[in-house]
1. Mind pulling the angle between the C-alpha long axis of helix 95-104 and the longest principal axis of the chain? Nearest 10 degrees, somewhere in 0 to 90.
2. Multiplying the sequence separation of Ser27 and Leu103 by 0.36 nm and subtracting their Cα-Cα distance, what value in nm do you get?
3. Taking 0.36 nm per residue of separation and subtracting the Cα-Cα distance, what length does fully extending Glu15 through Val58 add?
4. When the helix-only estimate is applied to the chain (DSSP H runs of n ≥ 4, each -39,500 (n - 2.57), divided by the residue count), what is the mean residue ellipticity at 222 nm, nearest 500 deg cm²/dmol?
5. Where does the charge balance sit around Asn71 when Lys and Arg score +1, Asp and Glu -1, over other residues with C-beta under 15 Å from its C-beta?
6. What percent antiparallel are the DSSP beta bridges of the chain, to the nearest 5?
Amino acid sequence: MKIAIPTDDRTHISEHTGRATFFAIASIENGNMTHLDFRVNPPHQHTHEGEHDHAETVNLLSDCETILVRNIGKNLKSELLARHIKIEFTNSQSIGEGIKRYLSNFV
């Protein structure tokens, strides 16, 4: 299983999911994190109606089962849910603590 976490500094969970510079991708096996990788979040495009198009971001996360966020905009949320990517909210500020708390819910 892979979990995506938005980040700007590779340490803390970003407050603005769609505008995050990177996504940390945590690989989870048997309830433990086995690998952590980072992917660059492409800049999003504005539609003619002024809304954001998050297609590239959603494609970037297409192999992830879950995204762990502090906040998320309604458009990105809808696009992720349409691709069957679960959204989990956290109040953790660090990536490590967020993953730890997320995994503790499954023990």
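Where a number appears in this text, it was derived from the coordinates with a stated rule and is not lab data. Keep in mind the model is a prediction, meaning the values are calculated, not measured. Positions of Cβ are generated from backbone atoms using ideal geometry, with glycine treated the same way; all protein chains shown enter the neighbour counts.
1. Taking Cα atoms only, the helix is inclined about 60 degrees.
2. Gain in length upon complete extension: 26.2 nm.
3. This chain segment gains 13.7 nm when fully extended.
4. My calculation for the chain gives -6500 deg cm²/dmol from helical runs alone.
5. So the environment of Asn71 carries a net charge of +1.
6. That works out to approximately 75 percent antiparallel.
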